[in-house]
Amino acid sequence: MTTATPTRPRERDAFESDIDRVRAALGAGTRPSRPSVISQSFTFGWRALLKIKHVPEQLGDVTMFPIMFVLMFTYLFGGALAGSVTEYLQFLLPGILVQTVVMITMYTGHTLNKEIQRGTFDRTRTLPIWQPTVFIGALLGDAARYTMASTVILTLGLILGFRPDGGLPGMVLGTLLLLVFCFCFSWIWTALGLIMRSPEALMGASMMIIFPVTFVSNIFVDPSTMPGWLQPIVEWNPVSLLATAVRGIMAGDAPMFEVMWVLAASVVLISVFAPVTSYIYRRK
Amino acid sequence: MASELAVEATGVVKHFGDTKAIDGLDLAVAQGGVYGVLGPNGAGKTTAIRILTTLLRPDAGVARVLGHDVTKEPDAVRSRMSLTGQFSSVDDDLTGIENLVFLGRLFGYSNRDAKARALQLLDAFGLAEAGAKLVKHYSGGMRRRLDIASSIVVTPDLIFLDEPTTGLDPRSRNQVWDVVRALVAEGTTVILTTQYLEEADQLAGRIAVIDRGKVIAEGTPNDLKASVGSGALRVRVEQEDRREAAQATLERVLGEPVIVDADPASLSVRVADADRAALAVAELTREGIPIVNFSLAQPSLDEVFLALTGRPAETTEDAA
């Protein structure tokens, strides 16, 4: 305390001159007209991308994770299941793509839950904005992450010998369908992210849903090899339908039923969970 | 417009489970100046602020901010006030400038204007050099200044500051006080919560004392202090055997019972104001009783509480 005293007056004077600037800044803070909902959403999306830029470590889940998955499953199961690795890859890759991106959607709720704990939410909740743009923006940022993960997986697949009959258009359209589904599906996580008490509890709950849903599917093996009672469960698992749709589109032979089913499911998911999220958020 | 109240709360109640965090809160705050909300931890200050800033819905009662009902017209409330919460609301993973540009964009500034506004604010708050650094590397004082800057990207008519100086070193605290005064000078009404009587005294024109979710006293700082006296004068005499003489002198000048401390050279006495205390000390010197030192302690929040409630301030876990 005593040793700091001699330097204090000088430093304080420095800030006192700043006070005039604070006053000037206050005088200049005129209110612009309110931005559109789209502009607000993109501002939130921009923030999400900035965070990726500043903390690139968090991209581990969209880069390392998919690479590990593709390599592991291709080489572990390839020989046994399809006779050859390259042959299995044609079947597996679209499925791995689906599994990885669906898994990554969990982080949406995780990030959201962490932010709530930190108080940054109090700021956005007291702003005169259309509040759901907070989530739309965050999910737009996440869509960028999903795109990154998809690119990594498809590139690796092409290197390993994935040659879909649908060519590039097939791969792009298949990925697009997956992104649409995941954007809508993520609203489940935003709702859970608001309800759960801690990021850890949320991760636990998410795993309980994601693991069975992605593994008990037709991603790794053809359901006809499974016991009879399991087959209908696997065939009607939404992830199986999604995987079949993506696989079909990439093979240049889009299965109408599955594609329509995925699109319908997306509409249902977003129209249920987006309002639920908004409701919980307003009531919080 | 100036005639409408900045805050008007009637019978506001908020429960958290079985605890009544706010129990029939009534407040009427006029526009202009600083209004202090004083109370110990857990008195319900933060809960009250969260209700007034649309973050929590009251279970009962009506709260209006600048004429708008906080539950029915939250958007109208949000467009005229801003909040600097007790916990940092700036984003650690972004730089200072990005934090402000982000808010500017949400308010509707163009990219260029948002950037210009961010630079202006950083400069005003002495953060120009730190602007490009990630906020997680900021000190507590810098973070608080950025937080306040974030609250005035668009100058609000009313700003809520929830314990703005808690946890800050004295220098940073003084800077925050300067900013509060600047806000008032520019016409923004400031509502600030604090645990320190001194802070409310320094800044606020009026003070509400909150206890157990209720306002238990309201008035100017002088009104409040009058209820407890301005504090205690403590004197330490050079020779222990002169203490009795000193005691007699102080009692004569101040007309209050003098408390004999455990320390054999020390005395303390309640005083109504600082002038009287100065007189008393001068009288000791005049009578040739040498003293080692003396101090005048501000009445603490505890003393105010004791005077108002007849029991010490309890600090319980703040419910929100």
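The values are calculated or read from the model by the stated rules, or taken from the named source; none is laboratory data. It should be emphasised that the depicted structure is a prediction, and the values quoted were computed from it without experimental measurement. Virtual Cβ from ideal backbone geometry, glycine too; neighbours counted across all protein chains shown. For accessibility, only protein heavy atoms count, side chains too; no ligands or nucleic acids. Shrake-Rupley method; radii C 1.70, N 1.55, O 1.52, S 1.80 Å.
Any idea which of A:181, A:185, A:162 is open to solvent by less than 20 Å² (accessible area, probe 1.4 Å), within 30 Å of residue A:279 (Cα to Cα) and modelled with pLDDT of 90 or more?
After ruling out the rest, the residue left standing is A:181.
I need the full set of residues from region B:246-269 which are open to solvent by 20 Å² or more (accessible area, probe 1.4 Å), hydrophobic (A, V, I, L, M, F, W, C) and at pLDDT 85 or above, in order please.
Residues satisfying the conditions are B:248, B:253.
Does residue A:10 meet the test of being modelled with pLDDT of 85 or more and either more than 7 Å from chain B (Cβ to nearest Cβ) or open to solvent by 30 Å² or more (accessible area, probe 1.4 Å) (or both)?
When the stated conditions are applied, residue A:10 does not pass them.
On the basis of being modelled with pLDDT under 90 and either open to solvent by 10 Å² or more (accessible area, probe 1.4 Å) or more than 22 Å from the chain's Cα centre (by Cα) (or both), does residue B:87 make the cut?
The answer is yes for residue B:87.
Looking at B:124, B:130, B:116, can you tell me which residue is under 22 Å from residue B:149 (Cβ atoms) and at pLDDT 95 or above?
Testing whether each residue is under 22 Å from residue B:149 (Cβ atoms) and at pLDDT 95 or above leaves just B:116.
Kindly establish whether residue B:123 is in the same structural domain as residue B:171 (by TED's automatic domain parsing) and closer than 20 Å to residue A:23 by Cα.
yes
Under 9 Å between Cβ atoms, which residue pairs at least 6 apart in sequence (or on different chains) link something in region B:92-108 that is closer than 12 Å to residue B:136 by Cβ with a partner that is in a strand (DSSP E or B)?
From region B:92-108, the pairs are B:92/B:134; B:93/B:134; B:94/B:134; B:95/B:134; B:96/B:134.
Looking at (1) among the aromatic types (Phe, Trp, Tyr); (2) crowded, with 19+ Cβ neighbours inside 10 Å; (3) closer than 29 Å to residue B:44 by Cβ, which one does residue B:196 not meet, given that it meets all the others?
Going through (1) among the aromatic types (Phe, Trp, Tyr); (2) crowded, with 19+ Cβ neighbours inside 10 Å; (3) closer than 29 Å to residue B:44 by Cβ one by one, residue B:196 breaks only (2).
Give the residue that is modelled with the highest pLDDT, with candidates limited to residues of region A:29-44 that are loosely packed, with under 14 Cβ neighbours inside 10 Å and assigned to a loop (DSSP other than H, G, I, E, B).
Ranking the qualifying residues of region A:29-44, first place goes to A:36.
Restricting attention to region B:122-132, and to residues there that are at the interface with another protein chain (Cβ under 9 Å from one of its Cβ atoms) and open to solvent by 10 Å² or more (accessible area, probe 1.4 Å), which single residue is nearest to residue A:27 (Cα to Cα)?
Here the residue is B:123.
Tell me, which residue of region B:110-121 that is in contact with a helix residue (DSSP H, G or I) (Cβ under 6 Å, 6 or more places away or on another chain) and either open to solvent by less than 50 Å² (accessible area, probe 1.4 Å) or among the acidic types (Asp, Glu) (or both) is nearest to residue A:33 (Cα to Cα)?
Applying the filter and picking the extreme gives B:114.
Kindly establish whether residue B:135 is within 11 Å of chain A (Cβ to nearest Cβ), touching a residue at least 40 places away in the same chain (Cβ under 8 Å) and within 29 Å of residue B:76 (Cβ to Cβ).
Answer is no for this residue.
Taking into account only those residues within region B:57-75 that are at negative phi and open to solvent by less than 30 Å² (accessible area, probe 1.4 Å), which is nearest to the chain's Cα centre (by Cα)?
Of everything passing the filter in region B:57-75, B:65 is nearest to the chain's Cα centre (by Cα).
Can residue A:103 be described as under 30 Å from residue A:195 (Cα atoms), more than 13 Å from every other protein chain (Cβ to nearest Cβ) and modelled with pLDDT of 85 or more?
Yes: the conditions hold for residue A:103.
What strands (runs of 3 or more DSSP E) completely inside region B:151-254 contain at least 3 residues that are away from chain A (no Cβ under 14 Å)?
Because the criterion is at least 3 residues that are away from chain A (no Cβ under 14 Å), the strands (runs of 3 or more DSSP E) in region B:151-254 that meet it are B:189-194, B:206-211, B:214-219, B:231-237.
Considering each of A:262, A:246, A:213 in turn, give the residue that is touching a Phe, Trp or Tyr at 6+ places or on another chain (Cβ under 7 Å) and in a helix (DSSP H, G or I).
Within the list A:262, A:246, A:213, the selection yields A:262.
Looking at B:277, B:246, which one is outside the structural domain of residue B:164 (by TED's automatic domain parsing) and under 30 Å from residue B:165 (Cα atoms)?
Being outside the structural domain of residue B:164 (by TED's automatic domain parsing) and under 30 Å from residue B:165 (Cα atoms) holds for just one of B:277, B:246, which is B:277.
Could you say which residue among A:255, A:238 is more than 17 Å from residue A:101 (Cα to Cα) and surrounded by fewer than 20 Cβ atoms within 10 Å (Cβ to Cβ)?
Every option except A:255 fails the conditions.
Looking for whichever is within 14 Å of chain B (Cβ to nearest Cβ) and either hydroxyl-bearing (Ser, Thr, Tyr) or under 15 Å from the mean Cα position of the chain (by Cα) (or both) here; the options are A:27, A:60, A:45. Which one fits?
A:45
Looking at B:197, B:158, B:192 in this structure, which one is closer than 24 Å to residue A:32 by Cβ and either assigned by TED's automatic domain parsing to the domain that holds residue B:88 or in contact (Cβ under 8 Å) with a residue 24 or more places away in the chain (or both)?
Only one candidate passes the filter, namely B:158.
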